[in-house]
Amino acid sequence: MASTRDRALTAAIRLVGGQGVRALTHARVDAEAGLPKGSTSNWFRTRDALVAGVIVTIAEQERAELAAVLTFARTADEVIDILSALVEDATGTHVCRTRARYALFLETAATPDARAPMRTQRSMFEEWTRGLMSTLGARDPDAAARAMLAVCAGLIVNRLTVAPEGPIRPVVELAMRGCLSA
């Protein structure tokens, strides 16, 4: 059985992903998680602490999924297939979590105290992607990592907003081939 803390974080992600950042209150998280009043505030004393907890949880879940599928990728084609599947998953199975992540991106842009956890998580993704691009032979792994993260993020936003059925693999492949040949 999930801990009280984990139940609160899962409920917080559902709230933000389904109703937006304004829905993120300790009382609503308690209610959504079926927890006694005050349970969430026992773990996260302030709203900023709750926001940070949600950001870290989302990033940890996404990194675990990436690590699980990319561990066995050895070629650019395999990475293209995996990244394409991950974008599909982010805009399908895990759409609520993805919406929560993007809502929190915007929240942290307007709240200086909340930026630190987002930047920390982003730097972890950049470092990981830089290593992957280096392994695949990119001449400039830093630029390639930033480009691939930007392309995947753009595809996700596009699919969440104006083009839910927009193509994924051809775009990821074009970006990857460009990153590896530049």
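The values are calculated or read from the model by the stated rules, or taken from the named source; none is laboratory data. Given the structure is predicted, the values throughout are model-derived calculations rather than measurements. When we count neighbours, we look across all protein chains shown, and the Cβ atoms used for this are built from the backbone with ideal geometry, even at glycine.
Listed values, structure above:
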{"read-out": "THR93 out of contact with any helix residue (DSSP H, G or I) (no Cβ under 9 Å at 6 or more places or on another chain), within 25 Å of GLU165 (Cβ to Cβ) and not small (Gly, Ala, Ser)", "value": "yes"}
{"read-out": "Residue among THR10, THR91, THR71, THR40 that is within 27 Å of ARG130 (Cβ to Cβ), of a type in the set (Ser, Thr, Tyr) and at pLDDT 95 or above", "value": "THR91"}
{"read-out": "Residue match in region 6-18 (condition: in contact (Cβ under 8 Å) with a residue 12 or more places away in the chain and not in a helix (DSSP H, G or I))", "value": "no"}
{"read-out": "Leading residue by the ranking (farthest from VAL171 (Cα to Cα)) among those in region 81-91 that are in a helix (DSSP H, G or I) and in contact (Cβ under 8 Å) with a residue 40 or more places away in the chain", "value": "ALA90"}
{"read-out": "Any hit, region 69-80, residues being part of a helix (DSSP H, G or I), under 30 Å from HIS26 (Cβ atoms) and either in contact (Cβ under 8 Å) with a residue 40 or more places away in the chain or within 15 Å of the chain's Cα centre (by Cα) (or both)", "value": "no"}
{"read-out": "Odd one out for SER39 among (1) touching a Lys or Arg at 6+ places or on another chain (Cβ under 8 Å); (2) touching a residue at least 24 places away in the same chain (Cβ under 8 Å); (3) closer than 16 Å to ALA11 by Cα", "value": "(1)"}
{"read-out": "Within region 75-110, considering residues that are hydroxyl-bearing (Ser, Thr, Tyr) and surrounded by fewer than 16 Cβ atoms within 10 Å (Cβ to Cβ), the one nearest to CYS152 (Cα to Cα)", "value": "THR93"}
{"read-out": "Long-range neighbours under 9 Å by Cβ, at least six apart or interchain, first residue within 12 Å of MET176 (Cα to Cα) and assigned to a helix (DSSP H, G or I) within region 122-148, second of a type in the set (Asp, Glu) and modelled with pLDDT of 95 or more", "value": "MET133/ASP140; MET133/ASP142"}
{"read-out": "Those residues of region 18-34 which are surrounded by 17 or more Cβ atoms within 10 Å (Cβ to Cβ) and either touching a His at 6+ places or on another chain (Cβ under 8 Å) or under 15 Å from ALA52 (Cα atoms) (or both), in sequence order", "value": "VAL21, LEU24, HIS26, VAL29"}
{"read-out": "Given (1) closer than 16 Å to ALA12 by Cα; (2) in contact (Cβ under 8 Å) with a residue 40 or more places away in the chain, index of the condition HIS94 fails", "value": "(2)"}
